[in-house]
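Right, one structure below, let's go through it.
No lab work stands behind these numbers, since they all come straight from the coordinates. Here the structure is a predicted model, which means the values were calculated and not measured. Methodologically, a virtual Cβ is constructed for each residue, glycine included, from the backbone with ideal geometry; neighbour enumeration extends over all protein chains shown.
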Amino acid sequence: MNRYVLLLILVGSLLSGFLSAQEMDRSRLSSILKSLELDAARIKEELCVEKKMPNKENRYIVVIPVLVGKAEDEYNFTVQNYILITDEKGVIENKYLDPTELISDAVALRPFTIDTGLYTISTNVRAFGVKTTFVGSSRIFPYESERISMYYPEGKSLKKVLDQFEMGINSGEWDGKCKGKFKDNHSYIIVNPPKMNTFSDLTIKTVSVTTVNKEVKEDCENKETSSTSFKTLKFTNGKYL
């Protein structure tokens, strides 16, 4: 089997296991929906996730995708996310309805993941990320994109400081057997040392890998080339740009 296909299967398996660990506790979900006055039919329950906060005892970050309008079918719909912090019983302490609309169609929206990395972006301010993954349906033209939005608690709400920043993209074109070309860009967020009374810059390190497959004497051989680049996001007018 083609090495690229094996890699996709492995990553998909690992991602599936990781996502299942963030699935919602049903009793907590029920309590949250009651507080938000949301009917279960208005949300995409299979996309709801939660994760225990590492820096606050018995507190959970929760993502509730709410349908915008009516879903055309199981795969074609638009959502906006409620980003919440709750206690273990589902009592909401911080609530934010993200205005960004996320569309699932031929490029399908997958369950969200919550990233509680050490994003200490200012004195006593620790942010967290919500990652959005879109996956294409074509086997011949594989496509996957991962984006991140970042938030931190502010009063009884949340402050959004990064909006759908693309962290990774995998794409390609091949004959379904061997011959083809694939591109993989993956980025990492590095929080720079804090500055006095302001927010740290974010350094984005991106590793780009291009793989070319070709048939050589009935074998499928591949050649990889890679490069690394950096860019800086600065906190401007309340957001990282």
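Values for this structure:
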read-out: Proximal aspartates and glutamates to Lys181, defined as alpha-carbon separation beneath 17 angstrom and excluding residues fewer than eight positions away on the same chain; value: Glu144, Glu173, Glu215, Asp219, Glu221, Glu224
read-out: Residue-wise HN-Hα coupling along region 61-78, computed from phi with Karplus coefficients 6.51, -1.76, 1.60 (Hz; x: Gly, Pro); value: 8, 10, 10, 10, x, 9, 5, 9, x, 10, 5, 5, 7, 4, 10, 10, 6, 10
read-out: Computed over the chain: relative contact order in percent, which uses C-alpha pairs under 8 Å that are six or more apart; value: 11
read-out: Cα→Cβ-extended label distance, 7 Å offset, between Asp39 and Arg26, nm; value: 2.1
read-out: Prolate/oblate/rounded label for region 59-151 (Cα gyration tensor, a/c 1.5); value: oblate
read-out: Under 16 Å from the Cα of Lys89 - lysines, other chains or at least 8 residues apart; value: Lys34, Lys51, Lys52, Lys56
read-out: Hz values of 3J(HN,Hα) by residue in region 202-212 - Karplus curve (6.51, -1.76, 1.60), Gly and Pro given as x; value: 10, 8, 9, 9, 10, 9, 10, 10, 10, 10, 10
read-out: Val107 long-range amide H proximity, modeled H, under 5 Å; value: none
read-out: Two-site FRET efficiency, Asp175 against Ala108, from Cβ-Cβ distance with R₀ of 30 Å, rounded to 0.05; value: 0.80
read-out: Helix axis angle, 3-20 relative to the chain longest principal axis, alpha carbon, degrees; value: 10
read-out: On Cα atoms only, tilt of 26-36 relative to the major axis of the chain in degrees; value: 60
read-out: FRET efficiency, 1/(1 + (r/R0)^6) with R0 22 Å, evaluated for Thr198 and Lys52 via beta carbons; value: 0.15
read-out: All-pairs Cα distance distribution in the chain, expressed in whole percent, bin size 5 Å; value: 1, 6, 12, 16, 16, 15, 13, 10, 6, 4, 2, 1, 0, 0
read-out: No Cys partner within the rule (Cβ under 4.7 Å), the chain; value: Cys48
